[in-house]
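What follows is a short report on a single structure.
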Amino acid sequence: FFGSPFDDFFGRPDGNSAERKNVRRGIGSGVIVTADGYILTNNHVIDGADVVYVRTADKRRLDAKVIGTDPKTDIAVIKVNQQGLKPIVIGDSDKLRVGEWVIAIGSPLGENLARTVTQGIVSAKGRANVGLADYEDFIQTDAAINPGNSGGALVNINGELVGINTAIASRTGGFEGIGFAVPSNMAKSVLTALITTGKVTRSYLGVSIQDIDDNIAKAMNVKAGEGALVGTVMENSPAARAGMQTGDVILEFNGAKVTSSAALRNAIATQTPGSMVYIRVLRDGALKSFAARLEEQTPKTASSTTPAKKADINSALGFRAEELTPELVQRLKLKGSSGKVVITAIQQQSTAYRAGLRPGDVILSVNKQAVSSVASYNALVKNLAKGELLLLLIERGGNKSYIAFTL
């Protein structure tokens, strides 16, 4: 979908020359942000490089060293040993408006096209779930961005840096009018952290969250598109100690309205570890408020043994659910105990499949009623009829989430 930004420069192994086999050269763009040589670029531009150098607008070649990287936002900071450079003014990306003119600067398709300037508008803000980084809050623009532009400046009409050009959405590998840039405010916070401490520290609350679509909103009697629904609440996490539960709908975070799970995740991560945050949730129709002290993210944070008779796929539901036996635990590569109910097969044309249900999902509740055994599950689903709305709480890979669909 996005292609590789380096295909045109690295080529592919074809045996034509020793240089092609042994030496790979990549090119990207960067932005000078301090007079003493600190430069912002993308992590994927310098990732895995043995040697990094930059070529300035006046055609000087300067050796650079990597100060730090943050793959979770695809931002990197490098530095050249030079004084008296003219840095760009970093603007406030939060003040950008959709439809505002912006200019992209970089070296598309190679060094021969260095310092190319293209113009466009801000097509959208807050783009997430694009699949480029762990923390996404992209500015979308139709200013022409091509391979080699990565790490370059996206500026407003005042010449202020408002984004770092990062990627394009393309079926051909070339520009098709959809480009993405990391907002300058996010890049600036990463820049400051990497320069001062050499790493980026993020906070975590200890919950998995998801957006609320129309079906989930109807099943849980909440408004679609408002708030973020809590799935897993991690044990001994700040959220657990504060009293939050699976099924809570987070409406406000530190007094700000929650509009999406991605925005909430970014807001939590950017808080200083140890800070107290205030959360307002909707639980079973009642508003509740919690105070939680955030903690620093770590790599660790982000009964019967008789095989059950294999049942047919329930035609009304579109999937088959069975008792979770040790054999199924091994076959489906799950972590769990006997007695639970697990989906073992699903029709790919069913509404359940289109809603996101998959084999291996463990069913924890049906229409807000807890599932404690196969018998309790069967009792909850036996009278369901076509056209009814079904709300399932499932567990997948240790995380809980809600899936709702019409039978």
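The values are calculated or read from the model by the stated rules, or taken from the named source; none is laboratory data. Here the structure is a predicted model, which means the values were calculated and not measured. Quick reminder, even Gly has a Cβ in these numbers, built from the backbone with ideal geometry, and neighbours come from all protein chains shown. Each accessible area value is taken on the protein alone, full model and side chains, heavy atoms only, with ligands, DNA and RNA left out. Shrake-Rupley method; radii C 1.70, N 1.55, O 1.52, S 1.80 Å.
Note on ALA375 and THR56: the model spin-label points, each 7 Å out from Cα along the C-beta direction, lie 8.0 nm apart. Using all pairs of distinct alpha-carbon atoms, the Kirkwood hydrodynamic radius of region 167-306 works out to 17.0 angstrom. What the phi angles of region 276-293 give under the Karplus curve with 6.51, -1.76 and 1.60, with θ = phi - 60°, is a coupling list of 8, 10, 10, 10, 10, 10, 10, 10, 6, x, 10, 7, 9, 10, 9, 10, 9, 9 Hz, glycine and proline written as x. When the convex hull of its Cα atoms is viewed from all sides, region 86-228 shows a mean projected area of 11.3 nm².
Using the alpha carbons alone, the radius of gyration of region 233-280 stands to its Kirkwood radius in an Rg to Rh ratio of 0.93.
Residue separation times 0.36 nm, minus the C-alpha to C-alpha distance between ASN129 and LYS86: what's the value? Please list the in-between numbers first.
Values: separation 43, 0.36 × 43 = 15.48 nm, distance 3.54 nm.
Length gained between ASN129 and LYS86: 11.9 nm.
ASP211 contributes an accessible area of around 70 Å² to the protein surface, as traced by a 1.4 Å probe with all chains present. Extension gain for the segment ALA256 to ASN112, taken as residue separation times 0.36 nm less the Cα-Cα distance, is 47.2 nm to one decimal. Considering all different alpha carbon pairs of region 47-137, the Kirkwood hydrodynamic radius works out to 16.1 Å. Expressed as a whole percentage, what fraction of the accessible surface of region 82-169 belongs to carbon and sulfur atoms when a 1.4 Å probe is rolled over the protein heavy atoms? For region 82-169, the apolar C and S fraction of the accessible surface comes to 47 percent. Pairs of Cα atoms nearer than 8 Å and 6+ residues apart set the relative contact order; for region 73-210 it is 24 percent. Accessible area ranking (1.4 Å probe, heavy atoms, ligands and nucleic acids excluded), largest first, for LEU251, LEU194: LEU251, LEU194.
Figure note: GLU136, GLU100 ranked by solvent-accessible area, largest first, 1.4 Å probe, ligands and nucleic acids not counted: GLU100, GLU136. Distance between the pseudo-spin-label points of THR270 and VAL66 (7 Å out from Cα toward the beta carbon): 2.6 nm. Taking H placed 1.01 Å from N in the peptide plane, check which residues at least 5 places from VAL102 or on another chain put their amide H under 5 Å from its amide H. Amide H neighbours of VAL102, under 5 Å, 5+ apart: GLY120, ILE121, VAL122.
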